[in-house]
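The structure under discussion appears below in the form of structure tokens.
Laboratory data are not the source of any read-out in this text; all were calculated from the coordinates shown. It should be emphasised that the depicted structure is a prediction, and the values quoted were computed from it without experimental measurement. In this analysis, Cβ positions are derived from the backbone assuming ideal geometry, glycine residues included, and neighbour counts consider all displayed protein chains.
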Amino acid sequence: MADDFTYKVRGFFGRIPLEPHQLVDRLTPTEGCIVLCHLGVLEVAKGDDWKLEVGGLVERAASFSVGQLKTFPRTEVVSVHQCAGSPLTPDKPTQRICNVRWAGVRLDYVLGLAGAERSANFLWSHGADSGEFGGLECGNYVKDLPLSRMSDDVLLAYEMNGAPLLPEHGYPLRLVVPGFYGTNSVKWLRKVELHPERAPGVFTTKWYNDPEPDGSIRPVWEIAPQSVVVWPKPGSHFNGDDLVQVWGWAWGDDGIATVELSFDEGRTWQECRLEKPPGRSWIKFVCDWSAEKGCTGLMSRATSRLGESQPPDGRRNAIYRVPISVV
Ligand SMILES: Nc1nc2c(c(=O)[nH]1)N[C@H]1C(S)=C(S)[C@@H](COP(=O)(O)O)O[C@H]1N2
Ligand SMILES: [Mo]
């Protein structure tokens, strides 16, 4: 395919504008959203002419321009958008997180037009960006998804927070997989294909696979339960018996059943009030606390509806601790 883009930036480009205590808005403004590009940032001049190919195990391979996709039924989804962290340090906890309103056309609608075949198990998604990362020549950015998990809220998105995608967020077209880590939401989306097996390439074989205790590997797909405290912020000072309303956000692919807080380094835990889960958005937790003299930090721990809790350390969703002081 003839190149219809240039590189605005070549090589790795990232931005983590907000610390957890700055995530005060339910919907993160675009300038506060994380940015993560392994290979570069593309600049596309004529977004509506950008072509998406649909192929692999389909009855009719097809190609749609973004202009055409915009004439199909439009769907909006508010969802947590989280970077799983560097694939070179996969067990390092990260708080690269935001909550975004996406708009686009449902992927299953477009796959339906092409006639998806039953023998397919995986969707491969190809970005137009290519280059070097981690000392390797990577080819294009290619990811995959299990079709069994593909819910109807997976989008071919052309808008973020009510405006066309910015170049660094994948203008003019990206995949958005609500509930999955950001790495799966391929930007500058050029091609989606159905296949019986997982996709080859460094981003699906070498990186983004976590080792499991039994020696198997687990692709970095579903977002594990996680939470951050927004208030109080790190370094806050209180007096003993001050009444503090602690609050923050919790999220995870399986939904959140409980969030607990500990003010004594994890010895005891106190359950928070949770708002009703609104779809794929993060949910707010709140807890009234009478500050205890000598407390030096607080921690939040989310548990999913399937009973999985945040671990103390060693994984990307490890418990986040906020240092404070109470005198
Ligand atoms: N084509 C392409 N898509 C990509 C990436 C990339 O490097 N190239 N990075 C992924 C990663 S690791 C993350 S966390 C999200 C970040 O999306 P954002 O920059 O819009 O926040 O994009 C994903 N999609
Ligand atoms: Mo990421």
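Sorting His126, His237 by the number of Cβ atoms found within 10 Å of their own Cβ, with the fewest placed first, yields His237, His126. Taking other C-beta atoms within 10 angstrom as a stand-in for reagent exposure, Leu23, Leu298, Leu113 fall in the order Leu113, Leu23, Leu298, fewest first. With only the Cα atoms considered, the range 1-138 has a convex hull volume of 157 Å³ per residue.
What FRET efficiency comes out for the pair Asp313/Ala163, r = Cβ-Cβ distance, R0 = 41 Å, nearest 0.05?
Details: r = 39 Å, r/R0 = 0.94.
Here the calculated transfer efficiency is 0.60.
Relative contact order of the chain: what whole-number percent is it, with Cα pairs under 8 angstrom and at least 6 residues apart?
Relative CO of the chain lands at 17 percent.
According to the Cα gyration tensor, what semi-axes, each the square root of 5 times an eigenvalue, does the equivalent ellipsoid of the range 226-326 have, listed from largest to smallest in whole Å?
Working: eigenvalues 109, 41, 23 Å².
Semi-axes from the Cα gyration tensor: 23, 14, 11 Å.
Were the residues from Gln68 through Asp288 laid out at 0.36 nm apart, the gain over their Cα-Cα distance would be 74.1 nm.
Evaluated on the chain, the Kirkwood hydrodynamic radius is 20.8 Å, with distances taken between all distinct Cα atoms.
Here, P(r) means the percent of Cα pairs in each 5 Å bin from 0 to the largest distance; for the range 128-202 it is 3, 14, 23, 25, 18, 11, 4, 0.
Residues whose amide H falls under 5 Å from that of Asp129, counting only those 5 or more places apart or on a different chain, are Tyr141, with hydrogens built in the peptide plane. Here the range 66-170 yields Rg over Rh of 0.98, to two decimals, using C-alpha coordinates and the Kirkwood radius. Taken as Cα centroids, the range 115-155 and the range 41-87 sit 12 Å apart, rounded to the nearest whole angstrom.
Using every Cα-Cα pair within the range 168-257, state what percent have a distance larger than 19 Å. Cα-Cα pairs of the range 168-257 separated by over 19 Å account for 62 percent.
Secondary-structure-derived ellipticity at 222 nm for the chain, considering helices only, amounts to -1000 deg cm²/dmol, per-run term -39500 (n - 2.57) for DSSP H runs with n ≥ 4.
Inter-label distance, Val24 to Leu274: 2.7 nm, where each label sits 7 Å from its Cα along the C-beta direction.
Just report the Cα centroid separation between the range 239-307 and the range 178-202, whole Å. Spelled out, the Cα-based centre of one part sits 34 Å from the other. A cut-off of 5 Å between modelled amide H atoms, ignoring neighbours fewer than 5 places along the same chain, links Leu166 with Tyr171.
The stretch between Met150 and Lys46 holds 34.4 nm of extra length on full extension. This uses 0.36 nm per residue minus the Cα-Cα distance. Relative protection proxy for 6-15, 307-316, from highest mean packing down: 307-316, 6-15 (other beta-carbon atoms within 10 angstrom).
Size of the dipole of the chain about the Cα centre, Lys and Arg at +1 and Asp and Glu at -1 on the beta carbon, nothing else charged, in debye to 20? Mind showing how you got there, number by number?
Details: 35 positive and 41 negative charges, 71 e Å.
The dipole magnitude comes to about 340 debye.
The HN-Hα couplings worked out from phi for the range 266-275 by the Karplus form 6.51 cos²θ - 1.76 cosθ + 1.60 (θ = phi - 60°) are x, 6, 10, 10, 10, 7, 9, 7, 10, 6 Hz, whole numbers, x standing for Gly and Pro.
Note on Tyr109 and Phe13: their simple-model spin labels are 2.9 nm apart, each label 7 Å out from Cα toward Cβ. Look at the dipole of the range 217-312 built from charges on Cβ: of Cys287, Thr268, Gly252, the Cα furthest out on the positive end belongs to Gly252.
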